[in-house]
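Colleague: Encoded as structure tokens, here's the structure I'll be asking about.
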Amino acid sequence: MKFGVIVFPGSNCDRDVAYVTRELLGSSTRMVWHQDTDISDLDVIIVPGGFSYGDYLRCGAIARFSNVMNSILDHGKQGKWVLGICNGFQILTEVGLLPGALVRNRDLHFICDRVPLKIERTDLPWTRHYTPQQVITLPIAHGEGRYYADPDTLKQLEDQQQILFRYCSATGAVNDSSNPNGSLNNIAGIVNSSGNVLGMMPHPERASDPILQATDGMALFQGLLDGVLVG
Amino acid sequence: MAIQFKARIYVTLRPSVLDPAGVAVQSGLHQLGYDSVEGVRIGKYIELQLSAENQTAAEAQLDQMCDRLLANPVIENYCFELDEVPALAVDR
Amino acid sequence: MAIQFKARIYVTLRPSVLDPAGVAVQSGLHQLGYDSVEGVRIGKYIELQLSAENQTAAEAQLDQMCDRLLANPVIENYCFELDEVPALAVDR
Amino acid sequence: MSCSPQEIAAEGIKAQEYAEIVQRLGRHPNKAELGMFGVMWSEHCCYKNSRPLLKQFPTTGKYVLVGPGENAGVVDVGDGLRLAFKIESHNHPSAIEPFQGAATGVGGILRDIFTMGARPIAVLNSLRFGTLDNARTRRIFHGVVEGISNYGNCVGVPTVGGEVYFDRAYSGNPLVNAMALGLMETEEIVKSGASGEGNPVLYVGSTTGRDGLGGASFASAELTDESERDRPAVQVGDPFLEKSLIEACLEAFKTGAVVAAQDMGAAGITCSTSEMAANGGVGIELDLDKIPVRESGMIPYEYLLSESQERMLFVAAKGREQELIDIFKRWELEAVVAGKVITEPLVRIFHQGEIAAEIPATALADNTPIYPRETPSEPPEYAQKAWEWSVGSLPPCTKDGILIQGNQRNWSDIVLQLLDSPSLASKQWVYRQYDHQVQNNTVILPGGADAAVIRLRPQEGSHTTQRGVAATTDCNSRYVYLNPYEGAKAAVAEAARNLSCVGAEPLAITNNLNFGSPEKPVGYWQLANACAGIAAACEALETPVTGGNVSLYNETLDAEGTPQAIYPTPVIGMVGKVEDVTQVCGQGWQNEGDLIYLLGENRATLGGSEYLAVVHDVVAGKPPVVDFNLERSVQMACRGGIQQGWVNSAHDCAEGGLAVALAECCLGGQRGAKIQLEN
């Protein structure tokens, strides 16, 4: 299983992700500069968190025109794995691999916190090591993480079960008070229709290292590793 | 009887102030092949409605609002357009 | 010979998208006593210069730039004004 | 042709200083040279009032690799790992434009770290504002927090700790001190002294504009209502470009082709050229025509004093400059050869083929004016009056409560009032806006302990270690106001206590001296005694000073023109060594049934206490006196207990005393506590 972590000039979490896949998971991992184009040797592409191009216009607006993005589009269309975390999720919506958009947080402030999330389905490698409706806790760190989609897209996401993670309370209640940024339907993470492209605002790589106590995120990477080999 | 006005306010960085957003967007446009693009500056565009006795009163009110809240005089300039909203089309 | 144009682009959130910044500014203005203010919406104002064969070509180029980069059609609408820059006043 | 008195005053230069300049140059200075002297001889750059006092600080120790004089201090944290750290202030710009003032403060302190060859791994900030019932204070507070959040989050360095205080004394003049830590990545520590005749001088980073003109000397001028109008002296930061600058500079340093490097902080090109030349005992020639600009028609004065952000000056090994330029081009950054090193110890600036300025480098950066002043032996009137305060002046109280201005208050109500006061209340609203987890090394989250703890994880090599560092910023400025000597001792002791409470061994400090005008007897009495207190405490606790920052003239003239000095605020930034990050502890109770121990003696003193100020609105009395022997043994016992695994949590008594400390442990651990005070 070979991982590729995309590096934009403004990426901040690229090394954090590589540390998890290379040091903790022991998988071969390569950093991919945003102007490179050959990613055919890679199984999983991870577009990490950060501020790709300083995110001045819109988060990820300029990053989507880097040379590597066309290769990532093909990689996704061929059914290979693509994971967009935080800024990466924003880039995947800008480039059209995932529907909708991420806009400014409801309360206008950047939020760095640990929040409960509900696992909506576990029949995909991403979440096969979790149990259905399980509540896990993952860190979030964003200023523009409010998911928005027009009513038709939203209905499709719900009907086709493309929503993987939802913000909820510690006891699993999905409501406005357990919604940190105002995302529609408390959406925190979605997959494309075929399930091989996942975009999520929370940071699983920040909850994978036992030394930092929180480890709810490791199962996502582990699931990808085991799920694919068997599947 | 107060008149309804529609205001369009443009808040831009003062020319001498560095505009990192403008620089980033300009290089983005060049990468997309629009090489002739120059002098990209990004600012805020604010739409609002207000009511006042007359045009001059509305303008005075708007100037005050810009100075006190909508623009940061230290690094920003502002200008605005003000049009009377025809009574029947008043958007409640 | 290409002509220089000055473009003013207004990018606004589509009405269906919640605009918390607009809501916050509106309540700020009310706190300052401007109670008649309503419907505050905040968007982006982009100024730039480009050169093109003629007005229509410039408009086409600008439309493309907005669709591809300057606005995100999922959440934003855009409109722009385009004026020819008199040759001598071209800002080199 | 002599400069006019107005021109001289406008540059903040005194008459006798101007006479000294003419004597050293052997001629009158031109406008550009006058501006260079004005900014380099400001307190902010040459510490002319404080330097005699700073000499008494201990600056060497077994862990100190680089002491004062360089861009940042460097200490050995074990296993061959070396930590660079420093603190700096952006007080005056933040009063004028809070967001950009604070943001560029973070940008500046980060550059001081990576210019040494260290990758920034954490930022802390020490903030002080007026009271929150004032609308302007609220605007400044919101803007400063947002500016720090925006810059830190975008540049990808976690903001992991610090402190926030609110007090009337800061209403016109907020304090914004930013501290940064970095892990050395280059074999040799990069120094700022230029060398090698003919070596090219490289300008790298962002373009130059007119922003922030005269920021440095402005930083030492008092803030008056008029200064609100001379507003253009504010710089705008670009965190995205700084992120690329960090990566490009570290890559460049590792080639070994960089002989010296310096960040362009206050006074931009003037400061970097003169300090690099003076530190290396050589000269530098620079051609302003080569400088990449973003505005046209700039005159030499503007080039030399511009405070555009995110710019550095390098001295490259002759012949290898193109290798460095290619690295910066890859990161889409400017990089041009703008001059060269010369043997004559001069700074020679060219503009459009002519010499725009020519000044001995040491005249600008080394042998600058010094004003040794006599410390008034008699404490000022306000202090003597305050020391006369005694507990007797408080209303009578019983174990049930106290009668204040006619209403009976019980003790629970008093503790709740203290916990609700902004300086003591939770700062979650602030640090929740900072990304405090990026880089995945934050072992204890903000609010969880008395100090921040960061795991050390070098980027290259398979150097797996469980080592870490702890860091804190501390100062109780009310104590320093009431007794500068004892208050400054207490600030250093509290910083060391906070590190010991997480199990870290204090190593060294950086400090930010935020004081009023040294030209006023009260101001100088405070400064001199505080410096003596810091020196004594650093000696006793073996935490040498590795550098820092001085910000004087922190006073505001309100509309009636009465001067309002801020509280004297020597902020101490201290770093500590953590052998194993899995053996640290926070402040919240961990298990039901755990025993609670009070280390040290409970000598109750109310002098200068939060209780007096918040509940009785009285600022008086003698602050507690630090007993270094007791302090050392208490801290050693605490650290030893943690390392042995006997101690599950630890917290120091600071503002609000024992009651507030216990409350904070309960809140942190979400558990109660039963306390038996000796009867």
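The values are calculated or read from the model by the stated rules, or taken from the named source; none is laboratory data. Just so we're clear, the structure is a prediction, and the values are computed from it rather than from any experiment. When we count neighbours, we look across all protein chains shown, and the Cβ atoms used for this are built from the backbone with ideal geometry, even at glycine. These area figures cover heavy atoms from the full protein model, side chains too; ligands, DNA and RNA do not enter into them. Shrake-Rupley method; radii C 1.70, N 1.55, O 1.52, S 1.80 Å.
Colleague: Can you pull the accessible area of D:VAL618 for me, 1.4 Å probe, Å² to the nearest 10?
Modeller: Near enough 40 Å² of accessible area.
Colleague: Sort the following peptides by mean Cβ neighbour count (other Cβ atoms within 10 Å, averaged over residues), highest first: A:105-111, D:529-535, D:270-276, A:121-127.
Modeller: D:270-276, D:529-535, A:121-127, A:105-111
Colleague: Near the amide H of D:TYR47, under 5 Å away, which other amide H atoms are found, from residues 5 or more places off or on another chain, if H is placed in the peptide plane?
Modeller: Amide H neighbours of D:TYR47: none.
Colleague: Counting heavy atoms of the protein chains only and a 1.4 Å probe, report the per residue accessible area for the range C:3-84 as a whole number of Å².
Modeller: Roughly 42 Å² per residue, with all protein chains present.
Colleague: With a 1.4 Å probe and all protein chains left in place, how much of the accessible area of chain D comes from carbon and sulfur atoms, in whole percent?
Modeller: Roughly 52 percent, rounded to a whole number.
Colleague: Okay, next question. Against the globular-protein guess of 2.2 N^0.38 Å, express the Cα radius of gyration of the range A:174-231 as a ratio, rounded to two decimals.
Modeller: Here the Cα radius of gyration is 1.36 times the empirical estimate.
Colleague: For chain D, state the semi-axes of the equivalent ellipsoid (square roots of 5 times the eigenvalues of the alpha-carbon gyration tensor), sorted largest first and rounded to whole angstrom.
Modeller: Semi-axis lengths for chain D are 43, 29, 21 Å.
Colleague: Hey, can you grab everything whose amide H is under 5 Å from the amide H of D:PHE166? Only 5+ residues off in sequence or another chain; H modelled, so Pro and N-termini drop out.
Modeller: D:PHE129, D:SER423
Colleague: Report, in listed order, any pair from D:LYS86/D:LYS340; D:LYS48/D:LYS340; D:LYS243/D:LYS329; D:LYS385/D:LYS622; D:LYS62/D:LYS254 with a Cα-Cα distance greater than 18 Å.
Modeller: Table pairs above 18 Å Cα-Cα are D:LYS86/D:LYS340; D:LYS48/D:LYS340; D:LYS62/D:LYS254.
Colleague: For D:HIS142, what accessible area in Å² do you get when you roll a 1.4 Å probe over the heavy atoms of the protein chains, rounding to the nearest 10?
Modeller: Rounded to the nearest 10, the figure is 80 Å².
Colleague: Hey, what do the phi angles of the range B:61-74 turn into as Karplus ³J(HN,Hα) couplings, whole Hz, using 6.51/-1.76/1.60 and θ = phi - 60°, x for Gly and Pro?
Modeller: With coefficients 6.51, -1.76 and 1.60, one gets 4, 5, 4, 4, 4, 5, 5, 8, 9, 5, 10, 9, x, 5 Hz.
Colleague: To continue, here is another question. Given contacts defined as C-alpha pairs under 8 Å and at least six residues apart, what's the relative contact order of the range D:1-138, whole-number percent?
Modeller: 12 percent
Colleague: List the lysines whose alpha-carbon lies under 26 Å from that of B:LYS6, not counting same-chain residues fewer than 8 positions away?
Modeller: Cα-Cα hits under 26 Å: B:LYS44, C:LYS6, C:LYS44.
Colleague: Using the Cα atoms of the range C:3-84 to build a convex hull, what is its mean projected area in square nanometres?
Modeller: Result: 6.4 nm².
Colleague: Using Cα centres only, tell me the gap between the range A:44-92 and the range D:137-156 in whole Å.
Modeller: 27 Å
Colleague: Using the scaling law 2.2 N^0.38 Å as the reference, what is the normalised Cα Rg of the protein assembly as shown?
Modeller: 0.94
Colleague: Compute the relative contact order of chain A as a whole-number percentage, counting only Cα pairs closer than 8 Å that sit 6 or more residues apart in sequence.
Modeller: Relative contact order comes out at 19 percent.
Colleague: Before rounding to the nearest 500, sum -39500 (n - 2.57) across all DSSP H runs of length at least 4 in chain C and divide by the residue total; then give [θ] at 222 nm in deg cm²/dmol.
Modeller: Dividing the helical sum by the residues of chain C leaves -7500 deg cm²/dmol.
Colleague: Taking every Cα atom in the range D:321-397, find the radius of gyration and the maximum pairwise distance Dmax, and write them in Å.
Modeller: Radius of gyration, then largest Cα-Cα span, for the range D:321-397: 28.6, 80 Å.
Colleague: Note the angle between two axes, namely the Cα long axis of helix D:98-114 and the longest principal axis of the Cα atoms of chain D, as a number of degrees from 0 to 90, rounded to the nearest 10.
Modeller: Taking the Cα atoms of chain D, the angle to D:98-114 is about 70 degrees.
Colleague: Between copies, how far does the label point of B:SER27 sit from its twins, in nm, shortest first, when each point is 7 Å from Cα along Cα→Cβ?
Modeller: Distances to the matching label points in the other copies: 3.8 nm.
Colleague: Moving on to the next point. Identify the residue of chain B whose Cβ lies closest to the rotation axis that maps chain B onto chain C, and give that distance in whole Å.
Modeller: Taking the axis that maps B onto C, the answer comes out as B:TYR45, 2.
Colleague: Right, another one. Got the C:ASP63 label distances to the other copies yet, label 7 Å along Cα→Cβ, in nm, shortest first?
Modeller: 4.1
Colleague: Now, a different point. Nearest 100 Å² is fine: what is the total accessible surface buried where chains B and D meet, probe 1.4 Å?
Modeller: Buried: approximately 1000 Å² between D and B.
Colleague: Taking the Cα atoms only, what angle lies between the long axis of helix D:321-330 and the longest principal axis of chain D, rounded to 10 degrees?
Modeller: Result, in degrees: 60.
Colleague: Could you check the simple spin-label distance between C:MET1 and A:ASP38, using points 7 Å along Cα→Cβ, in nm with one decimal?
Modeller: Once both label points are built, they end up 4.9 nm from each other.
Colleague: Something else: In whole Å, how far is the Cα centre of the range D:390-448 from that of the range B:17-92?
Modeller: With the range D:390-448 and the range B:17-92 each reduced to a Cα centre, they are spaced 43 Å.
Colleague: Moving on to the next point. What percentage of the solvent-accessible surface of the range C:3-84, computed with a 1.4 Å probe over protein heavy atoms, is contributed by carbon and sulfur atoms?
Modeller: Carbon and sulfur atoms account for 52 percent of the accessible area of the range C:3-84.
Colleague: Probe 1.4 Å, all protein chains in place: accessible area of D:TYR47 in Å², nearest 10?
Modeller: Near enough 60 Å² of accessible area.
Colleague: Could you order D:SER477, A:SER177 by accessible surface area, starting with the largest, using a probe radius of 1.4 Å?
Modeller: Largest accessible area first, the list is A:SER177, D:SER477.
Colleague: Shifting gears a bit: I'd like the orientation of helix D:135-155 relative to chain D: the angle between its Cα long axis and the longest Cα principal axis, in ° from 0 to 90, rounded to 10.
Modeller: 60 degrees
Colleague: Counting other Cβ atoms within 10 Å, keep those with at most 15, restrict to DSSP loop, and tell me which GluC sites (Glu not before Pro) in chain C are left.
Modeller: C:GLU53
Colleague: Given the rule -39500 (n - 2.57) for each run of at least 4 DSSP H residues, summed and divided by the residues of chain D, what is its mean residue ellipticity at 222 nm, to the nearest 500 deg cm²/dmol?
Modeller: -10500 deg cm²/dmol
Colleague: While we're looking at this one, here's another question. Report, in cubic angstrom per residue, the convex hull volume of the C-alpha atoms of chain A.
Modeller: For chain A, the hull spanned by Cα atoms encloses 112 Å³ per residue.
Colleague: For the range B:31-42, take each phi angle, set θ = phi - 60°, evaluate the Karplus expression 6.51 cos²θ - 1.76 cosθ + 1.60, and give the result in whole Hz per residue in order, putting x for glycine and proline.
Modeller: Listing the rounded values in order: 4, 7, x, 8, 6, 6, 6, 9, x, 6, 10, 10 Hz.
Colleague: Can you pull out the GluC sites (Glu not before Pro) in the range D:594-679 that DSSP calls coil and that have at most 11 other Cβ atoms within 10 Å?
Modeller: Within the range D:594-679, the qualifying GluC sites (Glu not before Pro) (loop, at most 11 other Cβ atoms within 10 Å) are D:GLU601, D:GLU678.
Colleague: Calculate, for D:TYR382 and D:ASN134, the FRET efficiency according to 1/(1 + (r/R0)^6) with r their C-beta to C-beta distance and R0 30 Å; round to the nearest 0.05.
Modeller: About 0.80, to the nearest 0.05.
Colleague: Amide H of D:ILE404 versus every other amide H placed in the peptide plane: which residues, excluding those fewer than 5 positions away on the same chain, fall under 5 Å?
Modeller: Correct list: D:ARG409.
Colleague: Next question. Which ³J(HN,Hα) values, rounded to whole Hz and listed in residue order, are derived for the range A:217-222 from phi using the Karplus coefficients 6.51, -1.76 and 1.60 in 6.51 cos²θ - 1.76 cosθ + 1.60 with θ = phi - 60°, glycine and proline given as x?
Modeller: Ordered by residue, 3J(HN,Hα) equals x, 4, 4, 5, 5, 4 Hz.
Colleague: Compute the distance in nm between two label points, each set 7 Å from the Cα along the Cα-to-Cβ direction, one at D:THR375 and one at C:ASN54.
Modeller: Simple spin-label model gives 8.3 nm for this pair.
Colleague: Quantify how much of the Cα-Cα distance distribution of the range D:567-679 extends past 22 Å, in percent.
Modeller: The share of Cα pairs beyond 22 Å in the range D:567-679 comes to 46 percent.
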